[in-house]
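For reference, the structure discussed in these notes is given below.
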Amino acid sequence: MSVAAERPQLPFTRPNVLDLAPLYEVLRREAPIAPVTTPAGDPAWLVTRFAEVRDLLGDKRLGRSHPEPERASRITSAAVQEGPSGNHDTEEADHTRMRRLLTPAFSAKRMTMLSEHVQDLVDGCVDQLLAEHAAAPDGVVDLHAGLAFPLPVAVICRLLGVPESEHPYFASLSERMANYAIGEEAHRARDEFNAYMTALAETKRTHPGEDVISDLVRAQSTDPDYEYDEMVRLCVGLLFAGHETTVNRIGLGTLFLLTRPDQWRALTADPAGRVNATVEEIMRMGAPGDLGLLRYAHTDVDVAGVTIRRGDAVILSVNSANRDPSVYTAAETFDPDRAEHTHLGFGHGMHFCIGASLARVELRIVFATLARRMPDLRLAKDIDELEVRTTLTGGVTELPVTW
């Protein structure tokens, strides 16, 4: 019996937080579109090869909504990715409006203005880590708690307009919503988040600022088709995409570099010259979580000899696609100097991540600053001893380092 015929269940077992499960390589080769069982126990198609993942990311016949939501396969118990979202009849129009509303928030001008703030935040985190290192008897500090987690929280809160005093609560909501191991607690966190955003939006309605929530509230007042629930969904999406995924990439990027001393030395020797390529390789290799991007077929779709039926769940494994040996030379090797610079870490086509510019600003500043200010940085624990986060984006719960 073939691997595909066995309908393996996600998530697949992986050797460690940096390496993919070996089954992905088998599926890319034998069944790039394979039937699988989701963590919730429902059927889905898993797409693992670069060409098909890229094409389906840009295919309008797939979407986040479902023709019959009550019959849709569920993926996990995490509140941010359990099943379909949005209205099937209006999804394309809603997506177009969302892009139009959010594009100004990520303009080149706003990113330039934000980059100085990000540098200040990173320097503040590094200052604190240096102080903790000097005071720690063993000289070990946690880069996850001291930088990888708080930085993206502070940045996305600044962008959205969340008061600084409420950043810890905001971060807690994000962590709980994305945690597929806590079941109903994740849904309670989503309800809390919706209530929080309702209150914050009302505050911005009367006291607007230069932030995304104020922008969305202003847009809602002039657009009769823009419903309040849609604004809340946008904020949930921004929170998750702008915070969780960057937390993950900072942690995984640090692990890739510190477990490959030659690459770390190259970056410390020339932070400004190498950081851009290093970040792109982190985006390619840093595999966020163990699942993929969830879509549903809005009509029958024939691809790679497989017919995906209307309503079927489709999981697009960007992690697997970004390590496809038919696209990348030595695909499993972390190599910022590689000739193939393209990747699907920010998506593709109409669903290309609108916050890609923000993620690049954060990651470039983080890794250039670490290379410049902590050139002797090294891991204080073996990678196999690190605990993996039970969130959709994965990563590690701690990142002990010293120098």
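The values are calculated or read from the model by the stated rules, or taken from the named source; none is laboratory data. Fair warning: this is a prediction, and the values are worked out from it, not measured in the lab. We place every Cβ from the backbone using ideal geometry, glycine too, and count neighbours over all the protein chains shown. Side chains included, ligands, DNA and RNA excluded: accessible areas come from the protein's heavy atoms. Shrake-Rupley method; radii C 1.70, N 1.55, O 1.52, S 1.80 Å.
Mean residue ellipticity at 222 nm from the helices of the chain, using -39,500 (n - 2.57) per DSSP H segment of n ≥ 4 over the full residue count, to the nearest 500 deg cm²/dmol?
That comes out to -14500 deg cm²/dmol.
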- Quick one: pull the percent of accessible area on the chain belonging to carbon and sulfur, 1.4 Å probe, ligands and nucleic acids left out. 51
- Task: Can you tell me the dipole magnitude for the range 257-338 around its Cα centre, using point charges on the Cβ only (Lys, Arg +1; Asp, Glu -1), in Debye to the nearest 20?
- Result: 140
- Query: Computed on alpha carbon atoms, what radius of gyration and Dmax characterise the chain, expressed in Å?
  - Reply: 20.9, 64
- For the range 140-157, list residues with backbone N below 17 Å from a point placed 7 Å from the Cα of residue 203 toward its Cβ? 154-157
- Task: Report the one residue of 311, 325, 345 whose Cα lies farthest in the direction of the positive end of the charge dipole of the range 299-378 (charges on C-beta: Lys and Arg +1, Asp and Glu -1; origin at the Cα centre).
- Result: 345
- Cα→Cβ-extended label distance, 7 Å offset, between residue 228 and residue 378, nm: 5.7
- Message: Per residue of the range 36-42, what does 6.51 cos²θ - 1.76 cosθ + 1.60 with θ = phi - 60° give for ³J(HN,Hα)? Whole Hz please, x for Gly and Pro, Karplus curve as stated.
- Response: 9, 10, 6, x, 7, x, 9
- Query: To the nearest 0.05, how large is the calculated FRET efficiency for residue 92 and residue 29 if R₀ is 41 Å and r is the Cβ-Cβ distance?
  - Reply: 0.75
- Query: Relative to the Cα centre, what is the charge dipole magnitude of the chain, using +1 at the beta carbon of each Lys and Arg, -1 at the beta carbon of each Asp and Glu, and rounding to the nearest 20 debye?
  - Reply: 740
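Provide the FRET efficiency to the nearest 0.05 for the residue 333-residue 397 pair, computing r from the beta carbons and using R0 = 22 Å.
Using R0 = 22 Å, I get an efficiency of 0.25.
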- Query: Given 216, 152, 251, which one lies farthest toward the positive end of the charge dipole of the range 122-278, if we put +1 on the Cβ of every Lys and Arg and -1 on the Cβ of every Asp and Glu?
  - Reply: 251
- Query: Which order do peptides 104-113, 276-285 fall in by mean Cβ count within 10 Å, highest first?
  - Reply: 276-285, 104-113
- Task: With unit charges on the beta carbon (Lys/Arg positive, Asp/Glu negative), name the residue among 43, 388, 56 whose Cα is farthest towards the positive pole of the charge dipole of the chain.
- Result: 56
- Item | For residue 204, solvent-accessible area (1.4 Å; no DNA, RNA or ligand), Å² | 30
- Spin-label model distance (nm) - residue 191 vs residue 131, 7 Å beyond Cα toward Cβ: 4.0
- Express the relative contact order of the chain as a whole percentage, based on alpha carbon pairs under 8 Å and six or more residues apart in sequence. 26
- Query: What FRET efficiency comes out for the pair residue 37/residue 300, r = Cβ-Cβ distance, R0 = 25 Å, nearest 0.05?
  - Reply: 0.70
- Modelled label-to-label distance, residue 210 and residue 387, 7 Å Cα→beta-carbon offset: nm? 4.2
- Task: For the range 3-61, run through the GluC sites (Glu not before Pro) and keep only the ones in DSSP coil with at most 12 other Cβ atoms within 10 Å of their Cβ.
- Result: none
